[in-house]
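K.L.:
One structure is given below, represented as structure tokens, and several questions about it will come after.
Each reported figure results from applying straightforward, stated rules to the coordinates on display, with no laboratory input. Being a predicted model, the structure only gives us computed values, none of them experimental. Here Cβ is always computed from backbone atoms with ideal geometry, including for glycine, and neighbour counts include all displayed protein chains.
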2 protein chains.
Amino acid sequence: MTNASSLALGIDVGGTKIESALVNPSGTVVTTHRHPTDAARGPDRVIDDLVTCVQECLDQSADDASVAGIGVAGQVDSETGTVRSAPNLDWTDVPLQERVAEALGIPVHVLNDVRAITWGVWQHGAGRGVDDLVAVFIGTGIGGGVISDGRMLHGHRGTAGEVGHTTLVADGRDCHCPNRGCWEAYAGGWAIAERAQAAVRQDPEAGQTLLDLAGSRDAITGRTVNEALAQGDPLAHTLTEATSRYLGAGMTSVVNTFNPERIVMGGGVIEGHPAHVDAVAEIVRERALPPARQRLDVVPSELGGQAGVVGAAAYARHQG
Amino acid sequence: MTNASSLALGIDVGGTKIESALVNPSGTVVTTHRHPTDAARGPDRVIDDLVTCVQECLDQSADDASVAGIGVAGQVDSETGTVRSAPNLDWTDVPLQERVAEALGIPVHVLNDVRAITWGVWQHGAGRGVDDLVAVFIGTGIGGGVISDGRMLHGHRGTAGEVGHTTLVADGRDCHCPNRGCWEAYAGGWAIAERAQAAVRQDPEAGQTLLDLAGSRDAITGRTVNEALAQGDPLAHTLTEATSRYLGAGMTSVVNTFNPERIVMGGGVIEGHPAHVDAVAEIVRERALPPARQRLDVVPSELGGQAGVVGAAAYARHQG
């Protein structure tokens, strides 16, 4: 039996969709609803849509929620829940927490979306039971969240954990951020696509399988590489091995920096090629400082796409 | 007026010397004593020498200490104060906290020496007044300590903060640790010496000033580079600029990872060429993620060589 106060709302606001979920204390999603994000119409309209999305989610359940957590792809002031900047939504200084709390009449807590996912992984996913956890999500970009001694790290302005923007190759490949040679610029999804396209440009013959699968060089993505790999394509194999090595080199930095007990790896790049996890674990075992790697697991995430809403709900429940 | 309970002992145990200091609550050293470390005679003898060193330090003061902190160059179990491994002392599993507490009859707290220095910088040095601090010490190697949201990070096995062993150049220069291309392997003192020696080997004519100052190629150190720089030597200028760039690239990772409010830079490389601090600040301003660099100071350390004992004493006082 659930009652009103045992359920929490988890909300994920991204550039393409808003997702709401009613989540029980075990981290199970009871009901869920999605709504497209129409960022071009401005924050007021997106917040209206968010509230509508939440109502439709609640309408599916007999119970209410006692608290709501919102994960946003952007920089959040952790005290006020104001979104300082969210480039995908074109938001600057939007008082999201205040606005949604007014509309829903329950306490609301806003945090960065990757930190929300990390919280979900920690409370209800593959990071359960440890006090020192780093969660790394390798999708189009690379994001991360850090739990140290049982506490989530936020940093001075809420951006701690941006491990994707650690320098992996000084003066290396251009990143989408102001730095060069970032980990993300080698092992993130966009970088895998660029590296594959460059390899095909350099040797079109070797790249024939990739070209056939994608239709054109510019259409080659990380997914194309995975498809070619499944067909035994040697270039896809070379590219994927390089991605594993880049992932391992960057993860060695993570291990030496944070000394976690467990690392959870998730995101589209990992889901597309789960063998990266074991490859990274092996590189870390060889390369990390011995005391930092002594008691360390490197495991895949379990929660998949639900981690964001489950984590936002669990975070809100924790904050109260 | 001081009284017995207001003073704390700070002790630093390194491979060459043991240093004890009686420190008041403001972080001022009241009395101090040094003793050479004779690690070859084993941990029992070193602990006896440590206790003697402390007694001689106390003998100079009319007051006693109420608590003692010990910084050790090694891996420390933060709960028991046992030194798990200290390569410079050739120690494995030495119950230092228990042994010294028995001998002195006061509570003793043991921590890694770089974490002790960080604590000193935070409480009594250039890191005062902030909740999010990273202290980076660039000496022979590169070590670091992190305060996040008002708490020191230890990690699962006490080694968090080893930022010197983040990968700066994937598959780059060999490091003294199992990794390759570490930050330390480019910008640590030993690496600066190796890079200078390699530059002289490659172009002995350009390296004449360095050769003249050091006597031989193998004798060139970071200090030689600083001396040559003071004489306007172009190769020393090139090497030092590269060191600044490496320091800046690695510090960009630190900023993006931890989002500190302040970074304090200390150690022999910085004391030998303080201009590195401003150069790093400029690189970080250009390269770090905008929200992570918005409110960030990069400043030199103030405490110099006393940070270790002052920090160990302050840490012990805090632990009680």
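K.L.:
Taking the highest mean first, how do the peptides A:69-76, A:105-112, B:268-275 order by number of other beta carbon atoms within 10 angstrom per residue?
P.N.:
Final packing ranking: A:69-76, A:105-112, B:268-275.
K.L.:
OK, next. Pairs of alpha-carbon atoms within less than 8 angstrom and 6+ residues apart define the contacts here; what relative contact order does the stretch B:226-304 have, in percent?
P.N.:
38
K.L.:
How high is the relative contact order of the stretch B:1-122? Use alpha-carbon pairs under 8 Å, at least six apart in sequence, and give a whole percent.
P.N.:
Value for the stretch B:1-122: 25 percent.
K.L.:
Put a point 7 Å out from Cα along the line to Cβ at residue B:171; what are the distances to that point in the other copies, in nm, shortest first?
P.N.:
1.9
K.L.:
How large is the helix-only mean residue ellipticity at 222 nm for chain A, computed as the sum of -39500 (n - 2.57) over DSSP H runs with n ≥ 4, divided by its residue count, in deg cm²/dmol to the nearest 500? Can you show the working numbers first?
P.N.:
Values: 12 runs with 132 residues, N = 320.
When only DSSP H runs of four or more count, the value is -12500 deg cm²/dmol.
K.L.:
Calculate the mean, over all residues of peptide A:280-293, of how many other protein chain Cβ atoms lie within 10 angstrom of the residue's Cβ.
P.N.:
4
K.L.:
Can you name the helices of chain B, as whole DSSP H runs, whose Cα span along the helix axis is 15 Å or more and whose Kyte-Doolittle mean is not below -0.5?
P.N.:
B:43-59, B:113-124, B:189-202, B:234-258, B:275-287, B:307-319
K.L.:
Please compute the length gained on full extension between residue A:6 and residue A:176, using 0.36 nm multiplied by the number of residues separating them and subtracting their Cα-Cα distance.
P.N.:
Full extension of this stretch gives 57.0 nm more.
K.L.:
Assume the label is 7 Å from Cα along Cα to beta carbon: what separations in nm does residue B:285 have to the matching positions in the other copies?
P.N.:
4.7
K.L.:
So which trypsin sites (Lys or Arg not before Pro) in the stretch A:210-319 are both in a DSSP loop and have at most 16 other Cβ atoms within 10 Å of their Cβ?
P.N.:
A:295
K.L.:
Could you compute the FRET efficiency for residue A:90 and residue B:206, with r as their C-beta to C-beta distance and R0 at 35 Å, rounded to 0.05?
P.N.:
The formula returns an efficiency of 0.10 here.
K.L.:
If I model a spin label as a point 7 Å beyond the Cα along the Cα-Cβ vector, how far apart are those points for residue A:218 and residue B:299 in nm?
P.N.:
5.1
K.L.:
Count, for each residue of B:141-148, the Cβ atoms from other chains sitting within 10 Å of its Cβ, then give me the mean as a whole number.
P.N.:
Other-chain Cβ atoms within 10 Å of each residue's Cβ, averaged: 2.
K.L.:
Please compute the length gained on full extension between residue A:106 and residue A:231, using 0.36 nm multiplied by the number of residues separating them and subtracting their Cα-Cα distance.
P.N.:
Stretched fully, the residue A:106-residue A:231 segment lengthens by 39.8 nm.
K.L.:
Taking the Cα centre as origin and putting +1 on Lys and Arg beta-carbons and -1 on Asp and Glu beta-carbons, what dipole magnitude results for the stretch A:1-104, to the nearest 20 debye?
P.N.:
240
K.L.:
Taking beta carbons within 10 Å but only from partner chains, what does the mean come to for residues A:131-137?
P.N.:
Counting Cβ atoms of other protein chains within 10 Å of each residue's Cβ and averaging gives 1.
K.L.:
Okay, next question. What is the dipole size for the stretch A:199-296, taken about its Cα centre, with +1 at each Lys and Arg Cβ and -1 at each Asp and Glu Cβ, in debye to the nearest 20?
P.N.:
520
K.L.:
What size of dipole, in debye to the nearest 20, comes out for the protein assembly as shown about its Cα centre when the only charges are +1 on Lys and Arg C-beta atoms and -1 on Asp and Glu C-beta atoms?
P.N.:
180
K.L.:
Additional query: Taking the highest mean first, how do the peptides B:124-132, A:17-25 order by number of other beta carbon atoms within 10 angstrom per residue?
P.N.:
Highest to lowest by the protection proxy: A:17-25, B:124-132.
K.L.:
Within the stretch B:121-141, whose backbone N sits under 16 Å from a point 7 Å along Cα→Cβ of residue B:28?
P.N.:
Within reach of a label on residue B:28, which here means backbone N under 16 Å from a point 7 Å along Cα→Cβ, the stretch B:121-141 contributes B:124-125.
K.L.:
Follow-up question, since we're still on this one. Taking the label point 7 Å from Cα in the Cβ direction, how far apart in nm is residue A:198 from each other copy of itself, listed shortest first?
P.N.:
2.1
K.L.:
Quick one, what does Rg over Rh come out to for the stretch A:147-211 if you take C-alpha atoms and the Kirkwood Rh? The partial results should precede the final answer.
P.N.:
Details: Rg = 16.4 Å, Rh = 13.8 Å.
Looking at the stretch A:147-211, the ratio lands at 1.19.
K.L.:
Explain nothing, just the number: relative contact order of the stretch A:173-319, from Cα pairs under 8 Å at least 6 residues apart, as a whole percent.
P.N.:
Here the relative contact order equals 19 percent.
K.L.:
Can you give the local net charge around residue A:80? Use residues other than it whose beta-carbon is closer than 11 angstrom to its beta-carbon, Lys and Arg +1, Asp and Glu -1.
P.N.:
Every neighbour counted, the sum reads -3.
K.L.:
Modelling each spin label as a point 7 Å along the Cα-to-Cβ direction, I'd like the residue B:59/residue A:241 distance in nm, to one decimal.
P.N.:
6.6
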